[in-house]
Amino acid sequence: MLFGSLAIVAMYLCGLALFRAQQPAVASALLAFFNQMVFVQSRIAMLDIFALAFGLFAIAAFICGFRKHRPHLWFALAGFAFGLSIACKWSGMFALAISIVIVAVIRLMQSWRTQFSDGNADDWYRPGLWPDFRYYHFAACFVLIPAIVYFSTFIPLYGLSFPGQYLEAQRQIFSDNTTTAIAGHIYMSAWPSWPFLVRPVWYLFDNIGDGRIAAVVFLGNPLMLWPALPALLICLRDWIVTRRTDAFLILSFYFGPYLAWALLPRTLGFLYYYLPSATAASLALVYVARRGNSPRWLLWAFVAIAITGFAAMLPISAAFVGVSMETFNRLMIFRNWI
């Protein structure tokens, strides 16, 4: 629960770094909370919420550094937090890999002396970006610091017996993550279905008497996550047409951690793998609500809609609420949700 709360704080910082204003930052944090995924996952003893919290702090630091003339300190802080995220769960490497690709592509374009004919200060790429950020700074921030932080978390377990037991631990983790020994699971789902919330994961379903049940389902808030999909398309349009930095960063940290699962040989997948991308989708909704001449109330309308969906799903998100079988059947809109 502590790290679930910290994840919301980190989302506020992501919004503050991205939009550079208080209101959209607060809205980003609220949407992340009322998404329902963070709420449910922070109340169960799994590794994902720890990896998410550290990963979001890393993304906030990276976004802040991206906009700076001298990003060294911010990128170093991002590398530190990425190392902690990866130490919790290897999927934390996805956001780090995206950061590495972003910096590498920008440096490559700069080496080619690429310029946009109508370039402006809002472009995601500019020839003068980070003039003093050298290759050794890049290696230190995105390779050395994350590696030191990651391996230091093994010290309580193995002491200083490097590299023997450390390397064996990595081999074992890799083997566990690529195994195909588990052929299937009743709640498994394929990565293309995650944004559409086709198959949730049930953590609890129990009869508590008087015709009531206690239920906890990891599903996500449809009233937030489904509208986020067209919002992401708008971000894609703006990145292509107007080269907006904020749209580019939202797309990067949504699609990077999501599409990385498509490249892995692991056949067993679950909706909670979508947690980092679903949380980042909050930023896309805020972006669209603030886009152009959109009225101010639109942003808070998104938040109100998310609160409504969260409240409706609370009986299947928190077991202490309890729900009748009739209400349960109403909430299960699709057969695949059961």
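The values are calculated or read from the model by the stated rules, or taken from the named source; none is laboratory data. Since the model is a prediction, treat every value here as computed from it, not as a measurement. A quick note on method: Cβ atoms are made from the backbone with ideal geometry, for glycine too, and the neighbour counts reach across all protein chains shown. Note: areas computed on protein heavy atoms with side chains; ligands, DNA, RNA excluded. Shrake-Rupley method; radii C 1.70, N 1.55, O 1.52, S 1.80 Å.
Candidates in the stretch 292-315 are the residues that are touching a Leu at 6+ places or on another chain (Cβ under 7 Å) and over 23 Å from residue 43 (Cβ atoms); of these, the one that is least open to solvent (accessible area, probe 1.4 Å) is 302.
Contact map, the stretch 114-143: first residue at positive phi, second residue part of a strand (DSSP E or B), Cβ cut-off under 7 Å, separation 6 or more or different chains; the map is empty.
Out of 155, 213, 208, one residue alone is open to solvent by 50 Å² or more (accessible area, probe 1.4 Å), of a type in the set (A, V, I, L, M) and over 30 Å from residue 77 (Cα atoms). It is 208. Taking the stretch 260-273 as the range and being assigned to a helix (DSSP H, G or I), in contact (Cβ under 8 Å) with a residue 24 or more places away in the chain and either farther than 23 Å from residue 61 by Cβ or touching an Asp or Glu at 6+ places or on another chain (Cβ under 8 Å) (or both) as the test, the residues that pass are 261, 262, 271, 272, 273. Within the set 2, 47, 16, the sole residue that is surrounded by fewer than 19 Cβ atoms within 10 Å (Cβ to Cβ), closer than 21 Å to residue 98 by Cβ and of a type in the set (A, V, I, L, M, F, W, C) turns out to be 47. Exactly one residue out of 249, 232, 223 is within 21 Å of residue 24 (Cα to Cα), open to solvent by less than 40 Å² (accessible area, probe 1.4 Å), assigned to a helix (DSSP H, G or I) and in contact (Cβ under 8 Å) with a residue 60 or more places away in the chain, and it is 249. Number of residues in the stretch 142-179 that are at pLDDT below 90, part of a loop (DSSP other than H, G, I, E, B) and hydrophobic (A, V, I, L, M, F, W, C) equals 2. Tell me whether the stretch 277-291 contains one or more residues that are without any contact (Cβ under 8 Å) to a residue 12 or more places away in the chain and surrounded by fewer than 17 Cβ atoms within 10 Å (Cβ to Cβ). No, every residue in the stretch 277-291 fails to be without any contact (Cβ under 8 Å) to a residue 12 or more places away in the chain and surrounded by fewer than 17 Cβ atoms within 10 Å (Cβ to Cβ). Does the stretch 179-196 include one or more residues that are surrounded by 12 or more Cβ atoms within 10 Å (Cβ to Cβ), under 25 Å from residue 260 (Cβ atoms) and more than 22 Å from the chain's Cα centre (by Cα)? Looking through the stretch 179-196, at least one residue is surrounded by 12 or more Cβ atoms within 10 Å (Cβ to Cβ), under 25 Å from residue 260 (Cβ atoms) and more than 22 Å from the chain's Cα centre (by Cα). Of all residues in the stretch 316-338, those being surrounded by 15 or more Cβ atoms within 10 Å (Cβ to Cβ), among the β-branched types (Val, Ile, Thr) and not in a helix (DSSP H, G or I) number 1.
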